[in-house]
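What follows draws every value from the coordinates through simple rules; no lab data is involved. Predicted model, so just to flag it, every value in this text is computed and none were measured. Here the Cβ positions follow ideal geometry from the backbone for every residue, glycine too, while neighbour counts run over all protein chains shown.
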Amino acid sequence: MTTDPRQSAYDAVFAYIRSQPDVVPATVVERNAMIWRAVHAALDAVSPAPAAGVQPPTTIQAHPTTTQWDVEVYDPRHSAWVATTRFHDPEVAADAVKDYEKTTPTWPDGSPVQHRTVRATTTYTVEPSEPLKHLPKGTNAEDCPACKGTNPDYPFLCPGPPAAPAATEATS
Ligand SMILES: [Zn+2]
């Protein structure tokens, strides 16, 4: 039995669909937002190969994970949530939301101001270091970063990069 490599993406989208309330989005903006969230869930689940030159992150934590809470206001003119203040304590963030709702419950046109609190979790991982590469074969080993400390045999020449696996015969 083979595993479909897209299964994790299907699972993520199913999970997102199941997490949605049983109401139809009232506006095109909300509907599009739902579609995009499903797309992001799928893309995140299959974790595409990193861009060329970008190495995948290590799992080595450089610092403990930090958590903060952003109080956001919905900007109806731009159909976007805008972060107003970032808090280090969820209770303080909740108090701030209550204050905002009390002091500015509506926009000038009378429509209600929507607030939400967003949890931001930041992880700090150590970037992988570049593996040391040998200089061309025969270079003075003292100049080669990969030979440093390996005591190559006299006459102290770099053995060069590892030989590439033998190319298979071209059939064309
Ligand atoms: Zn070397």
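The figures follow:
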{"read-out": "Ranked by how many other beta carbons lie within 10 Å on average, peptides 34-41, 123-130 from highest", "value": "34-41, 123-130"}
{"read-out": "Nearby lysines by direct alpha-carbon distance to Lys148 (threshold 28 angstrom, same-chain neighbours under 8 apart not counted)", "value": "Lys133, Lys137"}
{"read-out": "Karplus-derived 3J(HN,Hα), 6.51/-1.76/1.60, for each residue of the stretch 31-47, Hz, glycine and proline x", "value": "4, 4, 4, 4, 4, 5, 5, 5, 4, 5, 4, 5, 5, 5, 5, 8, 5"}
{"read-out": "Helical contribution to [θ] at 222 nm, DSSP H n ≥ 4, -39,500 (n - 2.57), averaged over the chain, rounded to 500", "value": "-9000 deg cm²/dmol"}
{"read-out": "Cα-based Rg / Dmax (Å) for the chain", "value": "27.2, 85"}
{"read-out": "Trypsin sites (Lys or Arg not before Pro) within the stretch 65-169, DSSP loop, no more than 14 other Cβ atoms inside 10 Å", "value": "Arg77, Lys133, Lys137, Lys148"}
